[in-house]
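Shown next, in structure tokens, is the structure this report addresses.
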Amino acid sequence: MSIIRIGIDLAKNSFSLCGVDKREQVVLEKTVKRGALLGVFVNLPPCVVAMEAGSGAHHWARELIKLGHDARIMDPAFVTPYRRGGRSSKNDRNDARAICEAAGRPDVRFVPIKSLDQQATLLIHRRRSQVVAEHTRTANQIRGFLAEFGVIAPVGVQRLKRDWLTLRQKHHDALPERAWSEIDTLYDQLLDQHQQILAYDRKIKALVRDDGRAEKLTHLQGIGPITASAIVATVGNAAVFKNGRQFAAWLGLTPRQYSTGGKPRLGRISKRGDRYLRTLLIHGARTELMHTAKRDDRKSRWAEHLKQRKSWNKTAVALANKHARIIWSILAKDQEYTPV
């Protein structure tokens with residue numbers, strides 16, 4: 001039995017496997033428990049082992065690489081077209097077959113396998129994002145509860161904090177004491193969440209100082225420590241991308257194409273890939289656009305010219321696309337960024 005490729009449908013406790021030989025004939029099809037998975041591959045000759053990106057995928061990929069196999073992770077969107085019977089026939093066996101078949105296509109792109117350090121850094125980013133969301137939610141709760149008593153708090157978390165004492169004193173008699181007690185507890189929670197965010201920011205800045213690649217990215221206007229750290233931790237080896245455009249497309253910053261009959265039609269950006277990275281790049285580009293009028297480098301002049309023809313948001317996305325291409329060049333070619 002000469003297996004050249006195996007597809008694994010990952011789950012919590014049971015895993016479906018499908019393996020094919022050189023003639024693309026299925027020669028292995030079985031389901032194993034979590035504890036027995038690596039035991040199956042110990043006795044197999046080195047081969048391509050493919051799985052969908054998801055919980056635990058990077059862990060299993062690292063373990064399989066240790067056993068000498070060529071582990072690969074792919075976006076689930078690339079697997080769906082190869083599932084027999086479509087959605088009506090979705091099961092673990094069909095998923096494993098579809099993964100195995102998709103991994104054999106020459107044009108399928110695979111997800112870079114993350115190291116333990118990369119995953120640890122991304123864990124910090126995820127926790128920070130969670131606290132930021134809770135921080136915003138708490139501020140909105142305070143504003144909502146006050147509005148029920150006819151007290152309108154200022155919009156924006158920073159303005160709410162700045163004007164809180166004045167608002168609290170001005171409307172002290174508008175709410176019963178037990179209502180103020182609950183809202184004061186919420187406000188203390190808001191301040192605590194703010195301190196948590198600052199603590200995560202300090203952790204990320206320390207990580208950037210210790211990582212030469214991330215530190216290089218911060219020299220690019222519009223890329224701060226959070227964005228630089230997230231990109232390096234997510235991408236790893238940028239050289240796996242052929243060029244900057246491919247990297248930007250992987251981030252979902254390139255337009256969808258609706259071309260036919262030799263007539264190109266470009267639509268909105270695809271929004272594929274990592275939403276967190278794309279959001280950071282676009283927010284950074286929006287901030288950068290506030291300063292391009294004061295600068296005379298080529299990128300700033302290009303952005304100013306684009307602002308004359310396009311809306312602010314479209315210009316921000318275009319600038320984020322350009323930043324993505326510059327980032328690829330910095331990471332893949334180990335270059336320094338110098339404005340010209």
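Being over 30 Å from LEU186 (Cβ atoms), charged (D, E, K, R), touching a strand residue (DSSP E or B) at 6+ places or on another chain (Cβ under 6 Å) and in contact (Cβ under 8 Å) with a residue 60 or more places away in the chain holds for only one residue in ARG109, ARG93, and it is ARG93.
Looking only at segment 46-56, decide whether some residue is aliphatic (A, V, I, L, M), in contact with a strand residue (DSSP E or B) (Cβ under 8 Å, 6 or more places away or on another chain) and modelled with pLDDT under 95.
The answer is yes, given that some residue of segment 46-56 is aliphatic (A, V, I, L, M), in contact with a strand residue (DSSP E or B) (Cβ under 8 Å, 6 or more places away or on another chain) and modelled with pLDDT under 95.
Just one residue in the set ALA249, ALA239, ALA230 is at pLDDT 95 or above and either part of a helix (DSSP H, G or I) or basic (Lys, Arg) (or both); that residue is ALA230.
Condition check ((1) surrounded by fewer than 23 Cβ atoms within 10 Å (Cβ to Cβ); (2) in contact with a helix residue (DSSP H, G or I) (Cβ under 7 Å, 6 or more places away or on another chain)) across all residues:
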site	(1), (2)
ARG213	yes, yes
LEU217	no, yes
GLY222	no, yes
VAL232	no, yes
ASN237	yes, no
VAL240	yes, no
ALA249	yes, no
LEU253	no, yes
PRO264	yes, no
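Selection of segment 274-303 for residues being surrounded by 15 or more Cβ atoms within 10 Å (Cβ to Cβ), part of a helix (DSSP H, G or I) and not hydrophobic (A, V, I, L, M, F, W, C) yields TYR276, ARG278, HIS283, GLY284, ARG286, GLU288, THR292, LYS299, SER300.
Number of residues in segment 257-269 that are out of contact with any Phe, Trp or Tyr (no Cβ under 9 Å at 6 or more places or on another chain), modelled with pLDDT under 80 and basic (Lys, Arg) equals 1.
Taking the criterion of being over 27 Å from the mean Cα position of the chain (by Cα) and among the hydrophobic types (A, V, I, L, M, F, W, C), the only residue of segment 307-340 that qualifies is VAL340.
Just checking: which of the strands (runs of 3 or more DSSP E) contained wholly in segment 1-42 hold 2 or more residues that are crowded, with 21+ Cβ neighbours inside 10 Å and in contact (Cβ under 8 Å) with a residue 24 or more places away in the chain? Before you say what the answer is, go through the steps one by one.
Numbers: elements: 5-9, 14-20, 26-33.
The qualifying strands (runs of 3 or more DSSP E) are 5-9, 14-20.
Among the residues of segment 317-328, are any free of Cβ contacts under 8 Å to residues at least 12 places away in the same chain and either out of contact with any helix residue (DSSP H, G or I) (no Cβ under 6 Å at 6 or more places or on another chain) or closer than 18 Å to GLY244 by Cα (or both)? Spell out the reasoning first.
Filtering segment 317-328 for residues free of Cβ contacts under 8 Å to residues at least 12 places away in the same chain gives none.
Within segment 317-328, not a single residue is free of Cβ contacts under 8 Å to residues at least 12 places away in the same chain and either out of contact with any helix residue (DSSP H, G or I) (no Cβ under 6 Å at 6 or more places or on another chain) or closer than 18 Å to GLY244 by Cα (or both).
Screening THR121 with (1) buried (at least 20 other Cβ atoms within 10 Å of the Cβ); (2) out of contact with any Ser or Thr (no Cβ under 7 Å at 6 or more places or on another chain) gives one miss only, at (2). Here are some residues: ASP201, ASP173, ASP184. Which one is out of contact with any Phe, Trp or Tyr (no Cβ under 7 Å at 6 or more places or on another chain), at pLDDT below 95 and in a helix (DSSP H, G or I)? None of the others qualify; the one that does is ASP173.
Annotation note: Cβ proximity below 9 Å between a residue of segment 150-162 that is without any contact (Cβ under 8 Å) to a residue 60 or more places away in the chain and under 20 Å from ALA174 (Cα atoms) and a residue that is of a type in the set (S, T, N, Q) and surrounded by 12 or more Cβ atoms within 10 Å (Cβ to Cβ) (sequence gap 6+ or interchain) occurs for no pair.
Quick grid of which residues meet (1) of a type in the set (S, T, N, Q); (2) out of contact with any Phe, Trp or Tyr (no Cβ under 6 Å at 6 or more places or on another chain); (3) assigned by TED's automatic domain parsing to the domain that holds ALA249:
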residue: GLN25; (1), (2), (3): yes, yes, no
residue: LEU28; (1), (2), (3): no, yes, no
residue: LEU37; (1), (2), (3): no, no, no
residue: PHE41; (1), (2), (3): no, yes, no
residue: PRO46; (1), (2), (3): no, yes, no
residue: GLY54; (1), (2), (3): no, yes, no
residue: ALA57; (1), (2), (3): no, yes, no
residue: ALA61; (1), (2), (3): no, yes, no
residue: MET74; (1), (2), (3): no, no, no
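The values are calculated or read from the model by the stated rules, or taken from the named source; none is laboratory data. Please read all numbers here as calculations on a predicted model, not as lab measurements. For neighbour counting, all protein chains shown are included, and Cβ atoms are generated from backbone atoms with ideal geometry for every residue, glycine included.
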